[in-house]
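The values are calculated or read from the model by the stated rules, or taken from the named source; none is laboratory data. Because the structure is a prediction, the values reported are computed rather than measured. Here Cβ is always computed from backbone atoms with ideal geometry, including for glycine, and neighbour counts include all displayed protein chains. These accessible areas exclude ligands, DNA and RNA; they are computed on the full protein's heavy atoms, side chains included. Shrake-Rupley method; radii C 1.70, N 1.55, O 1.52, S 1.80 Å.
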Amino acid sequence: MNVFVTGGAGYIGSVCVEELLNAGHAVTVFDNLTEGHRSAVDRRATFVHACLSDRAAIGDALKKSGAEAVIHFAANALVGESMTNPGKYFRNNVGSGLNLLDAAVECRVQKFVFSSTCATYGPPERVPMTEDLPQRPINPYGESKLMFEQVLKWYREIHKLEFVAFRYFNAAGASAQFGEHHRIETHLIPNVLKVALGQARQCEIFGTDYPTPDGTCIRDYIHIADLAQAHILALAPGRAGFFNLGNGEGYSVREVIRACEEVTGKKVPTVEQPRRPGDPPRLVAAAAKAFNELGWKPKFPKLHDIVGTAWGWHQKHPSGYAD
Ligand code: UDP
């Protein structure tokens with residue numbers, strides 16, 4: 001298919017673009033490079049440097065690409081930042097997203113694939129979490145993604161736009177070529193690996209008094225190559241709706257740090273800090289719906305393998321895409 005990918009210069013987008021191209025699809029990447037990196041865009045893709053807030057630019061680019069499907073990764077995605085700057089999250093994740101949706105309707109694209117998040121659920125009543133749990137986000141990031149999910153339902157109803165919305169759990173890992181480089185890094189695994197690389201003295205643990213066995217937050221880490229495969233499966237006709245993407249295994253912050261120490265063979269000193277506002281204590285996916293309806297099966301379900309691929313990339317690219 002001919003696929004238009006917003007945010008294709010970002011962390012998850014870059015690997016999805018690579019996998020789409022490997023699978024024989026043609027790809028146009030649309031990215032403003034505020035979060036992404038030009039060198040994270042696969043050379044085989046067409047690149048458009050523009051912003052989703054520019055309605056004319058997105059309309060032109062989508063029309064010119066002749067895309068049959070849109071995959072929409074571009075977004076702001078930091079829980080912590082959303083708690084201090086909510087306007088940025090609603091403006092970019094909802095407002096600018098609407099420009100893309102309207103252009104997709106105009107260009108009659110057949111399929112819209114959206115990056116949603118487990119943060120739309122808020123603290124769940126039970127884990128593992130199925131898609132039918134109530135969605136009660138506790139941070140503006142999750143709220144902005146939930147709002148866009150609701151918009152998608154109305155575009156399906158009114159404009160007949162078929163969509164798949166993936167609720168990602170914690171994206172991690174790297175491909176051989178592309179990995180995680182945020183200009184300001186707030187994510188756990190790359191922060192721990194920075195210590196192993198000798199670029200930071202210690203890693204912070206945000207909150208040690210959560211109602212979990214070791215007091216730290218539990219998350220479900222999923223390899224970005226596995227996320228990418230789900231997007232490719234979603235392009236098939238008839239595939240539609242909301243799907244969790246996770247491995248169904250939860251790891252605490254302390255367990256992740258230990259896994260990083262084992263993979264890297266380096267000791268990672270830690271300092272305990274207060275809780276980070278907006279963090280639910282425990283998020284673990286039930287992804288049976290994606291297994292059954294999409295035929296999705298993660299290839300890298302083990303935390304050590306996920307961390308191992310991230311470590312391989314960071315060792316090769318100690319300054320990320322700045323190299
Ligand atoms: N975390 C931490 N130290 C860090 C970064 C993150 O303790 O340097 C914690 C964070 O509070 C959360 C978990 O690790 O409980 C995962 O955070 P991350 O930012 O990687 O992903 P999120 O779950 O927010 O999407």
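Taking the charge dipole of the chain about its Cα centre, with +1 at Lys and Arg Cβ atoms and -1 at Asp and Glu Cβ atoms, the residue from G10, W154, P298 reaching farthest to the positive side is G10. Taking Rh as the Kirkwood radius computed over C-alpha pairs, what is the Stokes-Einstein D of the chain at 4 °C in a medium of viscosity 1.567 mPa s, expressed in µm² per second? Translational D for this selection: 66 µm²/s. Calculated FRET efficiency, I158 and A322, Cβ-Cβ r, R0 45 Å, to nearest 0.05? The calculated FRET efficiency here is 0.50.
Taking only the Cα atoms of the stretch 199-265, the radius of gyration and Dmax are 16.5, 50 Å.
The helix-only estimate of mean residue ellipticity at 222 nm for the chain, built from DSSP H runs of length n ≥ 4 each weighted as -39500 (n - 2.57), is -10000 deg cm²/dmol after division by the residue total. Scaled to the globular estimate 2.2 N^0.38 Å, the Cα spread of the stretch 134-197, given as radius of gyration, is 1.57. Beta bridges per DSSP, both residues in the chain: antiparallel share near 5 percent. Accessible area per residue for the stretch 58-152, computed on protein heavy atoms with a 1.4 Å probe, is 39 Å². Pairs of Lys residues in the stretch 257-316 are counted when their Cα atoms are under 24 angstrom apart and they lie 8 or more places apart or on different chains; the count is 9. Reported to the nearest whole Å, the Cα centre-to-centre distance from the stretch 224-273 to the stretch 43-121 is 23.
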